[in-house]
Amino acid sequence: MRARHVLVTGGSRGIGREIARKMMQGGDIVTVLGRSEAQLEAVVGAGDAHHYVVSDITCEKELDNAFHRAVAQAGAINVLVNNAGGSSSARFADMAMDAFVQAFRLNVLGAARLCQLVLPSMVERRDGRIVNVASTAALRGYTYVSPYVTAKHALLGLTRSLALEYARYGITVNAVCPGFTESDLVRDSVERIVRKSGRPAEDIRTEFARFNPRGCLNSVEEVAVAAAFLCGREAGAINGIALPVAGGEVG
Ligand SMILES: NC(=O)c1ccc[n+]([C@@H]2O[C@H](COP(=O)([O-])OP(=O)(O)OC[C@H]3O[C@@H](n4cnc5c(N)ncnc54)[C@H](OP(=O)(O)O)[C@@H]3O)[C@@H](O)[C@H]2O)c1
């Protein structure tokens, strides 16, 4: 069976790196995308991906160039994992409107543009997998992160629409929806809250863990397993779903 070319955005750290590693273990050719060349080099050096491309996904021109470089390096993309994303936090009353624009650029528009870029060759081959790493924040609200929650709901809307539009071509478009997961993103959020509130970091981590009925954060491996499953060749009948990875926080 021919190896597939998988592009994982935000593949330099956290959940994305773990997805890249899993896909490589499954025999795929993996390209990781991110902003930090040093981090990406380290991922390839550690054997967790074959290739990397440097790009800020919030810059359309850079992203288009990175996509073309990835295709030149390892061929058309068969599997796209839109994982890069992130969050800022503030009370809604204090939130600059620009925070909503930035949240959309980071969590929605880069993913949408990459879908536009990869879909023509997937349609031609009558085969393809797209997995968007959304969040439980695509399925419910959280306080103090309204731009992130709004953007992740939008990413799920994009997922559901493309799933319907491209199902006839043998392409699936699904979302994984992690709850709080052990990564830099959570560590940064904890640090931000400590700075603002002066509360101990351990209290904040415990508060995050309480959202999960298991009473702990998810591991990046647990999220990567779900993403890899949806990317699988045998998952062709699973389309347009939002798969929570959150220990039962949402159904
Ligand atoms: N951790 C959680 O609790 C959690 C929960 C639910 C959903 N998620 C979602 O899961 C995804 C991955 O999160 P994570 O926890 O693994 O985060 P992370 O550890 O902070 O990693 C984020 C990744 O995205 C890349 N990235 C960030 N901004 C980028 C940009 N503008 N352009 C290109 N790449 C960019 C980063 O690389 P560079 O910095 O080098 O660019 C890094 O590889 C995100 O979409 C996040 O919203 C996370």
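The values are calculated or read from the model by the stated rules, or taken from the named source; none is laboratory data. Every value quoted in this text rests on a predicted model; they were computed, and no experiment measured them. Every residue, glycine as well, gets a Cβ built from its backbone with ideal geometry; the counts of neighbours run over all protein chains shown. When the accessible area is computed, the model is the full protein with side chains, heavy atoms only, and any ligands, DNA or RNA have been set aside. Shrake-Rupley method; radii C 1.70, N 1.55, O 1.52, S 1.80 Å.
Structure above, values below:
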quantity: Index of the failed condition, Y144 passing every other in (1) in a loop (DSSP other than H, G, I, E, B); (2) under 17 Å from the mean Cα position of the chain (by Cα); (3) not small (G, A, S); calculated: (2)
quantity: Scan of segment 100-122 for residues that are within 16 Å of the ligand (Cβ to nearest atom) and open to solvent by 20 Å² or more (accessible area, probe 1.4 Å), ordered by number; calculated: F100, V101, Q102, F104, R105, L106, L109, A112, R113, L117
quantity: Qualifying residue in segment 130-138 (condition: in a strand (DSSP E or B), of a type in the set (A, V, I, L, M, F, W, C), in the same structural domain as I15 (by TED's automatic domain parsing) and within 12 Å of the ligand (Cβ to nearest atom)); calculated: yes
quantity: Residue satisfying all of: in segment 202-213; of a type outside the set (D, E) and in a helix (DSSP H, G or I); most open to solvent (accessible area, probe 1.4 Å) among these; calculated: R210
quantity: Count - residues of segment 111-136 that are without any contact (Cβ under 8 Å) to a residue 60 or more places away in the chain and more than 18 Å from I57 (Cβ to Cβ); calculated: 9
quantity: Given (1) touching a residue at least 60 places away in the same chain (Cβ under 8 Å); (2) crowded, with 19+ Cβ neighbours inside 10 Å; (3) more than 12 Å from the chain's Cα centre (by Cα), number of the condition D184 does not satisfy; calculated: (2)
quantity: Residues that are basic (K, R), modelled with pLDDT under 95 and more than 13 Å from the ligand (Cβ to nearest atom), drawn from segment 149-198; calculated: R195, K196
quantity: Per-region count, segment 1-59, residues open to solvent by less than 50 Å² (accessible area, probe 1.4 Å), within 6 Å of the ligand (Cβ to nearest atom) and in a helix (DSSP H, G or I); calculated: 3
quantity: Selection count where residues are in a helix (DSSP H, G or I), within 13 Å of the ligand (Cβ to nearest atom) and open to solvent by 10 Å² or more (accessible area, probe 1.4 Å), scope segment 66-87; calculated: 1
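Table: residues versus (1) touching a residue at least 60 places away in the same chain (Cβ under 8 Å); (2) buried (at least 18 other Cβ atoms within 10 Å of the Cβ); (3) assigned by TED's automatic domain parsing to the domain that holds G14; (4) closer than 24 Å to Q25 by Cα.
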site	(1), (2), (3), (4)
A167	yes, no, yes, no
N174	yes, yes, yes, yes
E191	no, no, no, no
P200	no, no, no, no
A224	yes, yes, yes, yes
A235	yes, no, yes, yes
G240	yes, no, yes, no
